[in-house]
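Below is one structure, written out as structure tokens, with a few remarks after it.
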Amino acid sequence: MSKKRRKKKKSTFEKITMIIVWIMLIFTIGGVILAAIQPMMH
């Protein structure tokens, strides 16, 4: 019950935070993959 009340209060803030976290994760994973693939590509 308390979770539902919390979600309504910071739904937009949580969405923004999640988007930022996902962007950071994608960039980090992408960077690692690029670093691993680059030696094979050349």
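Read-outs throughout are calculated quantities, based only on the coordinates presented, and are distinct from any laboratory measurement. Note that this is a predicted model, so its numbers are computed, not measured. A quick note on method: Cβ atoms are made from the backbone with ideal geometry, for glycine too, and the neighbour counts reach across all protein chains shown.
Given a Förster distance of 22 angstrom, what is the FRET efficiency for VAL32 paired with LYS10, based on the Cβ-Cβ distance and rounded to 0.05?
Calculated transfer efficiency: 0.10.
Apply the Karplus curve 6.51 cos²θ - 1.76 cosθ + 1.60, θ = phi - 60°, to the phi angles in the range 26-37 and return the couplings in whole Hz, x for Gly and Pro.
Taking θ as phi minus 60°, the curve returns 4, 5, 5, 5, x, x, 5, 5, 4, 4, 6, 7 Hz for the range 26-37.
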